[in-house]
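These notes are about the structure you will find just below.
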Amino acid sequence: MILGDLIELTSAITAGVKVETVMDQVVEAALNLTGAEEASIFMLDTFGQTLHRACSRHRGYIKAMPTGKQVVLYGADMMPNLKEPAAFVVSTGTTLNLDDIDKVIGYDFDRIREEDKLGGLTTRALIILPLTIQSNRTIGILQVINPGASQKAVAALSEQSLKELQSLAGLAALYMWNARLLEDNTRLKRQFDRHLAELPKQTHKAPPKKVAEPQRPKGLIGESPPIEHAIKLVGKAAWSTVPILVRGETGTGKEMMAAFVHMSSDRVNKPFVVQNCAALPEALLESELFGHVKGAFTGASTTKLGLAHEANGGTLFLDEIGDMPLALQAKVLRLLQEGEVRRVGSTKTEKVDVRIVGATNINLEEKIAAGEFRQDLFYRLNVFPINLPPLRERPSDIPLLIDFFLRAAAEKSGQQVPVLSSDALDALMCWGYPGNVRELKNILDRARLMAEDGYPIELSHLPPELAGAQHDAGNRMPALIPEGDLKTIVGQYEAMVIEAKMRETNWNKTNAARILNVSRRTIIDKLNRYNITRPDGLERS
């Protein structure tokens, strides 16, 4: 391992920095060590069903960053999909060191090739290592693509380089696991301290206190390095007049960040006007943005100001600008360049002083290549881009967001702030959140309604995909029932439950039998019947 990377990583770990920073340094060290084109960390969800990408870095130009699509580890028959390379590594705890995936049989590389198309890469050599703690418990994977690319000699890793990369993966796994435990403990302590402080108020409800106006918009919560970086960018650009393009997946808070730009600028006392460009057809959107004159079209009985007029002196936020029709893009470009608008049906141009903030969750470069977005508008908008990180890349913010959403909902309803059980918190911390912050809020809103007032939010109150089970009339059912006759279905589900409990008890048959309330002999018989073995091949009593 490169000495400088090791020193920097060790310093970060001993200093107790945020887990996102450590993950960034791990993938950077992996790239430096292997000379690869790409390195990524994928984390396992609570019940070991899916992997989600938590961190990724690249060398050289790529067309698009990897998406938040999850890697599903189990097939419809509830058995591990060992043809998927990542699922094989997680299930067996072994390392893959493949020289050329085009010459390897027995694996399905469709996921890798789909990501190649998105990013413009061509994967040849592929390395996947398990992130393992407690000897055989896998919490994620480290994936490296095309080692040796920097020397133009793509190949599998040598035995020595592979050992160094395995040491790096082991160090990363240990820190990320400890960081998760620390987050859990900190969260539980905050809950305990809060409820301890509220005990005297339960018999006498004090009048609500006025809270000082926050510097950030309400709901812009986060202290992790990725979100702090985005906030610093706002501070650098807010007081200028340059256009800003906010990019990020759906649910990451792009409108909130645009509002933060407006609040941080010298236009704060002027209007902040919002328009979703995908919400209206072209004719109505043009009239809404630029206004119209009387008689311009059927129903135009009066002259109307557009949103550009209403935002004069302030900020106009164009959400989902990537979905704006091409004809309107030319008019927005003129507004950006000249500060001029022309109402529908008019021959005169009018001057307006508007600061434009655009936002999109789609790949504008691909839209340009397809002829669906103007390249000149993109360059004019993209003067100062701000990329909002998905929630899976800032897990240390999840407890803060949970506190905020639960407290806000409790204040609105006049109820106590609910407590979150440790199992429920663990599930929330491990979920990949394809819908990002909006999805987390929806999950908590549902869980709060499911839980009885005054009682904790339990794992059973979370959606089935998080809780690993579905409640139906008080009975637990598997989220997906495989095909086959009753005996086959029951056997497959029984095998899944036994394997899960064996993993939970670190493959201790006696403890698993005690949890399942059966004899140790029964456990041994079931393990033999379903051919369930410990991934590393070692036996535990």
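The values are calculated or read from the model by the stated rules, or taken from the named source; none is laboratory data. Owing to the predicted nature of the structure, the values given are computational and were not obtained by experimental measurement. A quick note on method: Cβ atoms are made from the backbone with ideal geometry, for glycine too, and the neighbour counts reach across all protein chains shown.
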(request) Could you give me the residue pairs with C-beta distances under 8 Å whose first residue belongs to region 127-148 and is outside the structural domain of GLU37 (by TED's automatic domain parsing), whose second residue is surrounded by fewer than 21 Cβ atoms within 10 Å (Cβ to Cβ) and not basic (Lys, Arg) wherever it lies, and which are 6+ apart or on separate chains? (result) none
(request) Among the residues of region 412-432, write down those that are without any contact (Cβ under 8 Å) to a residue 60 or more places away in the chain and either buried (at least 17 other Cβ atoms within 10 Å of the Cβ) or part of a helix (DSSP H, G or I) (or both). (result) LYS412, SER413, PRO418, SER421, ASP423, ALA424, LEU428
(request) Answer with yes or no whether ALA408 is small (Gly, Ala, Ser) and under 14 Å from GLY322 (Cα atoms). (result) no
(request) Test each condition in (1) under 36 Å from the mean Cα position of the chain (by Cα); (2) in contact (Cβ under 8 Å) with a residue 24 or more places away in the chain for LEU284 and report the one that comes out false. (result) (2)
(request) Could you check region 298-399 for helices (runs of 4 or more DSSP H) lying wholly inside it with 3 or more residues that are within 30 Å of ILE41 (Cβ to Cβ)? (result) 364-369
(request) Provide a single number: the residues in region 511-530 that are without any contact (Cβ under 8 Å) to a residue 12 or more places away in the chain and surrounded by 18 or more Cβ atoms within 10 Å (Cβ to Cβ). (result) 2
(message) Quick check on region 69-88. Is at least one of its residues exposed (fewer than 15 other Cβ atoms within 10 Å of the Cβ), of a type outside the set (Lys, Arg) and on the phi > 0 side of the Ramachandran plot?
(response) no
(message) Given the criteria over 22 Å from PRO385 (Cα atoms) and either of a type in the set (D, E, K, R) or modelled with pLDDT under 90 (or both), does ALA278 qualify?
(response) no
(message) For a quick check of your reading of the model, give me the residue pairs whose first member lies in region 343-361 and is free of Cβ contacts under 8 Å to residues at least 40 places away in the same chain, whose second is assigned to a loop (DSSP other than H, G, I, E, B) and small (Gly, Ala, Ser), with beta-carbon atoms closer than 9 Å and at least 6 apart or on different chains.
(response) LYS351/GLY339
(message) Which pairs turn up if I take residues in region 217-234 that are closer than 15 Å to MET263 by Cα and surrounded by 15 or more Cβ atoms within 10 Å (Cβ to Cβ) and look for partners that are small (Gly, Ala, Ser) and at pLDDT 85 or above with beta carbon separation below 7 Å, at least 6 apart in sequence or on another chain?
(response) PRO217/ALA259; LEU220/GLY253; VAL234/SER264
(request) Those residues that are modelled with pLDDT of 70 or more and among the basic types (Lys, Arg), I need them from region 190-199; list them, please. (result) ARG190
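Each row is one residue, and each column tells you yes or no for (1) farther than 16 Å from GLY358 by Cα; (2) in contact (Cβ under 8 Å) with a residue 40 or more places away in the chain; (3) buried (at least 18 other Cβ atoms within 10 Å of the Cβ).
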| residue | (1), (2), (3) |
| --- | --- |
| ILE244 | no, yes, yes |
| ARG247 | no, yes, yes |
| GLY251 | no, yes, yes |
| GLU255 | no, yes, no |
| ALA258 | no, yes, yes |
| ASN269 | yes, no, no |
(message) Checking ASN312 against (1) surrounded by 16 or more Cβ atoms within 10 Å (Cβ to Cβ); (2) in contact with a strand residue (DSSP E or B) (Cβ under 7 Å, 6 or more places away or on another chain): exactly one of these is not met. Which one?
(response) (2)
